[in-house]
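A.B. asks: What follows is a single structure, and I will ask about it in a moment.
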Amino acid sequence: MRPENGERRGWWKSSAAADGEQQLDAVGILLLLPATLLLVVMFIGPVGFAFYLGVTNIALVGPTAQHFHFTGLKNLHRLVNDRLFWESLKLTAIFLGASAVVGVTIIGMALAVLMQHAVTWLRTVVGAIVVVAWMLPPITAALLWYAFSTTGGTLSLLSGSDSDILNDFPMTIVCLANIWSTAGFSMLVLSSGLRTVPAEVLEAGKMEGASRWQIFRSLTLPIMRPTIVTNVLLVTLLSLANFSLIYIMTAGGPGNATNILPIYSYQQAFQFNKLAYGALLGDVVVIIATVFAYLYVRVSRPSRAGYRPQGKLA
Amino acid sequence: MATVSIEQVWRRFGPHSAVADLTLDVRDGEFLVLLGPSGCGKTTSLRMLAGLERPTSGIIRLDDRIVNDVPPGERDVGMVFQSYALYPHMNVYRNLAFGPRIRRENKAETHKALLEVSEVLGLSALLDRRPSELSGGQRQRVALGRALLRRPKLFLMDEPLSNLDAALRGQVRAELVRLHGQYKITTVYVTHDQVEAMTMADKIAVMFAGRLQQAGTAQEVFDNPVNMMVATFIGSPPMNILPGHLSEDESGIRIEVLGQTLRLPSWASIKGTHASAQQVSVGIRPTDIIADTLADCTGPRARIDFVESMGAETFLTLTCASNKLICRAPGRLRLNVGDEVGLVLDVNYLYAFDYEGGNSIIDRSGQAGDARPHPTKGVVTHGTI
Amino acid sequence: MVQYKPRHLASSFTALAMGVGLLGSSGISGRALAADKTVISVAYGETYVFDTEDLTKKWWNGVKAEFEAKFPDATLQLVPIGGGYDDITNKLSLLYRSSRTAPDVAQIATPVIGQFSSSGYLLPLDSYLADEAWWKQFPKVIQGEGVFQGKTYAVNTGENDSQLYYNMDLFKKAGLPVPWTPHNWNDILNAARTIKAKLPHIIPVWLNAGSSSGDNGILQGAGNLLAGSTVPTIYDKKTQKWVVDSPGLREVLDFYHSVYSEGMGANLSDLFSPSAVTIPLTLIAQGKVAITFGSNYYGGNWTKLICSPCWADATKVAGVVPIPTVDGHSPDIATTVGGWDFAVSASTKSPHYAWELVKLMESDINQINAANWAGFVPANQLIVKEPAFVDFAPPYNAVSAQVLPYGVISPASGDYLVWSHGLQEATGALAQHPNTTVDAAIGVMSDYVSNQLDSSAVETLK
């Protein structure tokens, strides 16, 4: 991105303050205080405490339930040497990559484009279905997909056998279920992104003799890039939080085939009562989420000129 | 370069006709302005020429080739959109080169042509900027450049000046005229701004409610509007329309308006089908009324409701025999609201329209258009002289 | 332990944050209700323990009325805890973190009593128990489930054990003897093979596998077999190590290997379903499975009162027999035992009333009702012979009472659940991939447990 006048300011200065319209004064600080306190008490405090718990020997019940103490690098040492953790991290990456990045974005984009071009009734029907799928509570979505993909379900009937597709391809199915339940959200985000692509720009491409595909690839996609990146990050965060879907469908199994980090963390903390190690695994989730959240905030930082693209991500 | 022929073209959206029965020719190298208020069908007509819309019926020809089904990319037509429609993610160079790249034109030649066009349009220094870093006028020129690089037979422009501020507008107007003079590309230009139309057009086509009302030179549509809609749309302030009465006898045509009877010059005649004595809408442009102090005036009297001083001239809003009308007065006249003035109407530019249909009744074909005589007094046959 | 096991929906992190929030939350508000009355609180599972929530209300409201009638100067405050098995433990552990919120009496799952007592949460009950006649009727093994470091911290209020159910109609069709009395595991496998050969569309054996049901799947599955194996040790007290390879485990996994590699098991989608342990109840009633390793509560569930599912002809069709040991070694009965206990908080201000409440809940009629309404076997050996219990679901209740004293209780350590999960994965691997060898399955278990608990915490028994 080429440097622009006043575009890059220090993060501590709001643009208004830099324009000299408003300064952070005592009253401002006073007004910010409740929100700051709330943030500290409700968020930073618990998260900080959770990070502390991660390096203690706290258990859910048992001798160290109340009298726990700091155990130094012991849990970290275990984490680094825990094959299941690395496996789980890999599964998390696969789940997020395959379902959030690839699946939801591509399906969401396809749906959004379809919605733009389809006849009204089809648009209404498809739109309603995917949005309902998105609005369904994770439990319902999970049970639906569970029934759909196990023996006797539609999927195995379609495949012409009584095979148990959920247990044969667990990661594929939970990814599909996640795509199914999040594509509606993605479609809504990308649809509104598509609407911000000026029709005249696309028509200008048409006038120059570009084919539909050329227009989509060379004009629509690049213009929508900020929306797409935003969508990918949001869907990644949503998927990372979509614990219940996998938990209900497979509980991380069979074996450890779908044991993504949130599931593994839950299992350690609340099934094996190893609260400290569960907290440490949860901390890893928090760190991953923070990275994505940071990227999201960066990308979605508002630009001044309408649909002006963000340029190359610096 | 090309000729355009539009024959009985309709464009319907459901029950609504955006363009109805449009028949229009554009000569090779002509600069045609499609003029009309918003929603009149002018943009739809332009988009049909571009190929972005398909006519519901009728035929469009470019250079005698029927192009109804030819996609926009294959029409050799360059278009400048109202919003310029620059590709926001590309710099100026890539904006200009996008079309040639899509059309797989020779890269070296494209580069050369691109530099030439940039030079002509003054874009050479801006080639690596993005649209968001350009001013409105610069964006406009990139849009023009993009259309020019198409080496089009036909240039289409959809309200290209509407996003510019007033000062820039005049400048770009002149530039467009200059470019048209330089490249002589047949151009269809859509606007709702009559000043743009009057100053740029070889021919103006006025549209209302989907229908072409009149096509002709700026002077033709100004001096001889076919109906009340054209008459009142062109000219600022708009033509005054007053209730009146038209009659004809051996001595010629007489019009009763504002309590006086005026006889039209001898070149005037009544168009074929109209009855000789009837109620009509009488039209007269504010510039064809002289308002003067009472001392030397013998015409109808009016009271001043509102004074709009423009410096060199003053527009007065008047009430005369319970009719509202606007007239132009000399600039430095000391007139106040409430004063009474006398009015003198120029019978050479008195119009009469069918009371119901609004069509022009008077055949002005005998009028010598170019030599505008001094406002004629003394044709008043009735009243105090 | 009958209901579908609802899964926790909160991510561990939010649950953790919630827990942190709860630590500082206010105490049970009822304590200040009546200054002149002693308030005793009792926490219990609201949805999980009894078969229906109506029965939960009926039993606990009855206890409250009875207690308050008997002690007019006391008030019983009910603290129901919703959710599944893990939720009850989790919420109880949060309540116990502060003496202000700790319930005076709590219903606690047997496997976690040791952890609660080692946290210092529970009051030793030996002095109270010494004089109680009913306590002497508890089998030694059950008396022992609440004993830690020589002190008794909990009193059982109902057990679950396991037995074999078999479909007599299917057995007759396949030409197998009815009644059927398997004396060892080969008898079971041979009957299953006959079923497979004669009735190819019938599932020969339901045997829980995999990790979708957690430790429940072990208690109602592999645990019973291990209890009847030649080396049933789970935790080696001498070396303080977890056993991840032993002749006993290999016998168990070999049995699994036979069932699943010979195609005699149920399909995976049912086995690996989150509600797997309750599926055979329906499959048996529908005549789709011939032999089932199942829990004692099946018979009660088929009754008109519970109806989950209703099955009027159960006694005519579903036979029941104890699970034999691997080779018929004495007593030729093998079962796990797991249940629920009452414990008194170490921080209670009224130990007297708390104990009176426990005693009241341990009365014959309350224990019989609890057993019938929650699908338990009562621990009290006099009660198990009462017609009100036996005739509630004949002949099933008689058999489950018969096998109870031979039951094996799981080690009361938090790490047991890790070991259990290791065994779940091993059985899951055998069920899912029929070509898995017993060695490979042992490897799965041993890898899992040593990865989780460190390789120094596991051992192989020869």
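A.B. asks: Evaluate region C:172-194: report whether one residue or more is within 14 Å of another protein chain (Cβ to nearest Cβ), of a type in the set (G, A, S) and crowded, with 19+ Cβ neighbours inside 10 Å.
C.D. replies: no
A.B. asks: I need a count of the residues in region A:90-117 that are within 13 Å of the chain's Cα centre (by Cα), at pLDDT below 85 and exposed (fewer than 15 other Cβ atoms within 10 Å of the Cβ).
C.D. replies: 1
A.B. asks: Give region B:134-152 a look and list any residue that's among the charged types (D, E, K, R) and not in a helix (DSSP H, G or I), or say none.
C.D. replies: B:R150, B:R151
A.B. asks: A further question on this structure: For A:T196, indicate whether it is within 27 Å of A:T124 (Cα to Cα) and within 13 Å of another protein chain (Cβ to nearest Cβ).
C.D. replies: Values: within 27 Å of A:T124 (Cα to Cα): yes; within 13 Å of another protein chain (Cβ to nearest Cβ): yes.
The answer is yes for A:T196.
A.B. asks: Let me ask you something else. Would region A:66-81 turn up any residue that is among the hydroxyl-bearing types (S, T, Y), in contact (Cβ under 8 Å) with a residue 24 or more places away in the chain and surrounded by 22 or more Cβ atoms within 10 Å (Cβ to Cβ)?
C.D. replies: no
A.B. asks: Tell me, which helices (runs of 4 or more DSSP H) lie completely within region A:94-201 with 2 or more residues that are within 25 Å of A:F243 (Cβ to Cβ) and not polar (S, T, N, Q)? Even if it seems obvious, please write down each step before you answer.
C.D. replies: Working: elements: A:105-117, A:120-135, A:138-149, A:154-158, A:165-168, A:170-195.
Here the list reads A:105-117, A:120-135, A:138-149, A:165-168, A:170-195.
A.B. asks: Looking at C:S127, is it more than 30 Å from C:D332 (Cα to Cα), polar (S, T, N, Q) and within 14 Å of another protein chain (Cβ to nearest Cβ)?
C.D. replies: For C:S127, the condition - more than 30 Å from C:D332 (Cα to Cα), polar (S, T, N, Q) and within 14 Å of another protein chain (Cβ to nearest Cβ) - is not met.
A.B. asks: Scan B:F208, B:F155 and give me the residue that is surrounded by 18 or more Cβ atoms within 10 Å (Cβ to Cβ) and touching a Cys at 6+ places or on another chain (Cβ under 7 Å).
C.D. replies: Working: B:F155 fails: touching a Cys at 6+ places or on another chain (Cβ under 7 Å).
So the residue among B:F208, B:F155 that is surrounded by 18 or more Cβ atoms within 10 Å (Cβ to Cβ) and touching a Cys at 6+ places or on another chain (Cβ under 7 Å) is B:F208.
A.B. asks: Follow-up. Could you say whether any residue in region A:230-241 is within 30 Å of C:A109 (Cβ to Cβ) and not in a helix (DSSP H, G or I)?
C.D. replies: No, because not a single residue in region A:230-241 is within 30 Å of C:A109 (Cβ to Cβ) and not in a helix (DSSP H, G or I).
A.B. asks: Among the residues of region C:200-230, count how many are within 14 Å of chain A (Cβ to nearest Cβ) and part of a helix (DSSP H, G or I).
C.D. replies: Taking region C:200-230 as the starting set, the residues that turn out to be within 14 Å of chain A (Cβ to nearest Cβ) are C:200-201, C:203, C:208-218.
Among the residues that remain, those that are also part of a helix (DSSP H, G or I) are: C:215-218.
Residues meeting the conditions: 4.
A.B. asks: A further question on this structure: Out of curiosity, is C:T110 away from every other protein chain (no Cβ under 14 Å), at pLDDT below 95 and touching an Asp or Glu at 6+ places or on another chain (Cβ under 9 Å)?
C.D. replies: Considered against the rule, which asks whether it is away from every other protein chain (no Cβ under 14 Å), at pLDDT below 95 and touching an Asp or Glu at 6+ places or on another chain (Cβ under 9 Å), C:T110 comes out as no.
A.B. asks: Anything in region A:280-294 that is buried (at least 17 other Cβ atoms within 10 Å of the Cβ) and more than 12 Å from every other protein chain (Cβ to nearest Cβ)? List them, or say none.
C.D. replies: Across region A:280-294, the qualifying residue is only A:F292.
A.B. asks: Anything in region C:399-445 that is away from chain A (no Cβ under 14 Å) and in contact with a Lys or Arg (Cβ under 9 Å, 6 or more places away or on another chain)? List them, or say none.
C.D. replies: Selection gives C:A401, C:P405, C:V438, C:D439, C:I442.
A.B. asks: Moving on. Among the residues in region B:94-113, are any in a loop (DSSP other than H, G, I, E, B), surrounded by fewer than 18 Cβ atoms within 10 Å (Cβ to Cβ) and in contact with a Ser or Thr (Cβ under 8 Å, 6 or more places away or on another chain)?
C.D. replies: no
A.B. asks: Among (1) away from chain C (no Cβ under 14 Å); (2) farther than 18 Å from C:Q452 by Cα; (3) free of Cβ contacts under 8 Å to residues at least 24 places away in the same chain, there is one condition A:G108 misses while meeting the rest; what is its number?
C.D. replies: If we test A:G108 against (1) away from chain C (no Cβ under 14 Å); (2) farther than 18 Å from C:Q452 by Cα; (3) free of Cβ contacts under 8 Å to residues at least 24 places away in the same chain, just (3) comes out false.
A.B. asks: Same structure again: Only strands (runs of 3 or more DSSP E) wholly contained in region C:231-335 count here; list those with 3 or more residues that are under 30 Å from A:L144 (Cβ atoms).
C.D. replies: C:289-295
A.B. asks: Here's a check for you: in region B:36-82, which residue that is in a loop (DSSP other than H, G, I, E, B) and hydroxyl-bearing (S, T, Y) is surrounded by the fewest Cβ atoms within 10 Å (Cβ to Cβ)?
C.D. replies: Looking at residues that are in a loop (DSSP other than H, G, I, E, B) and hydroxyl-bearing (S, T, Y), I get B:S38.
A.B. asks: Sticking with this one: Given the structure, is A:N256 facing chain C (nearest Cβ under 9 Å), more than 20 Å from A:A141 (Cα to Cα), touching a Phe, Trp or Tyr at 6+ places or on another chain (Cβ under 9 Å) and in a loop (DSSP other than H, G, I, E, B)?
C.D. replies: The answer is yes for A:N256.
A.B. asks: Here's a follow-up. I need the helices (runs of 4 or more DSSP H) fully contained in region A:25-89, keeping only those with at least 1 residues that are within 15 Å of A:Q268 (Cβ to Cβ) and out of contact with any Leu (no Cβ under 7 Å at 6 or more places or on another chain). Working first, answer last.
C.D. replies: Working: elements: A:26-39, A:45-53, A:74-81.
Passing ranges, in order: A:74-81.
A.B. asks: Which of (1) in contact (Cβ under 8 Å) with a residue 40 or more places away in the chain; (2) in a helix (DSSP H, G or I) is the odd one out, the single condition B:F155 does not satisfy?
C.D. replies: (2)
A.B. asks: Test of understanding: among C:K238, C:K198, which residue is over 27 Å from C:S330 (Cβ atoms) and surrounded by fewer than 18 Cβ atoms within 10 Å (Cβ to Cβ)?
C.D. replies: Answer to the selection: C:K198.
A.B. asks: Looking at C:S350, is it of a type in the set (S, T, N, Q), more than 17 Å from the chain's Cα centre (by Cα) and at negative phi?
C.D. replies: Values: of a type in the set (S, T, N, Q): yes; more than 17 Å from the chain's Cα centre (by Cα): yes; at negative phi: yes.
Judged against the criteria, C:S350 is a match.
A.B. asks: Taking region C:33-73, which residues are crowded, with 18+ Cβ neighbours inside 10 Å and in a helix (DSSP H, G or I)?
C.D. replies: C:L55, C:T56, C:W59, C:W60, C:V63, C:F67
The values are calculated or read from the model by the stated rules, or taken from the named source; none is laboratory data. Treat the numbers as computed from the prediction; the structure is a model and nothing was measured. Backbone-built Cβ (ideal geometry, glycine too); neighbour counts: all protein chains shown.
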